[in-house]
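One structure is given here, and the rest of the page talks about it.
Nothing in this text is a laboratory measurement; each read-out follows from the coordinates by a stated rule. The shown structure was predicted, so the numbers you read here are calculated from the model rather than taken from an experiment. Cβ coordinates were reconstructed from backbone atoms using ideal geometry, including for glycine residues, and neighbour counts include every protein chain displayed.
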Amino acid sequence: MTHQDATPSRGTGPDRTDHDRAEPPRPPGAERTERELRDALRALAGGVRPDPDAYRTARGEWLRRERRRRLVLTVLVAVVFAVATLIGLWVLNQAPSDPGVIFSGNGAAAADGPSLPRQRP
């Protein structure tokens, strides 16, 4: 048996169990203090009345925020679309106006040999 096998796990020794631990002594007058606090909190909670329009007000604020969020999202999508369209048009406008290598020449076939005959409908 090694030292590790003989060593108990942390918190499992006989001095670590909480079975024999007694409740700490309560200060004198604790029951009276608890009763007075309970009564005071009950009286305070009994005096609280909800606002009759609380749900309507909260729902109105939520709907207003939802409309504003959708409007901002719509405007953002429109702006991104417009910017992407403008960038695309600008890039297409930057293409050279003269014909490229593919379209230059005298119209001769690019292959050295004869081309295959074309079928006509």
### Query
Once both labels are modelled 7 Å past Cα along the beta-carbon direction, what's the Arg118-Ala40 spacing in nm?
10.1
### Query
If you stretched the chain out fully between Arg69 and Trp90, how much longer would it get, using 0.36 nm times the residue separation minus the C-alpha to C-alpha distance?
4.4 nm
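Between Asp53 and Ala82, what is 0.36 nm times their sequence separation minus the Cα-Cα distance? Round to one decimal in nm. The partial results should precede the final answer.
Details: separation 29, 0.36 × 29 = 10.44 nm, distance 4.33 nm.
Length gained, Asp53 through Ala82: 6.1 nm.
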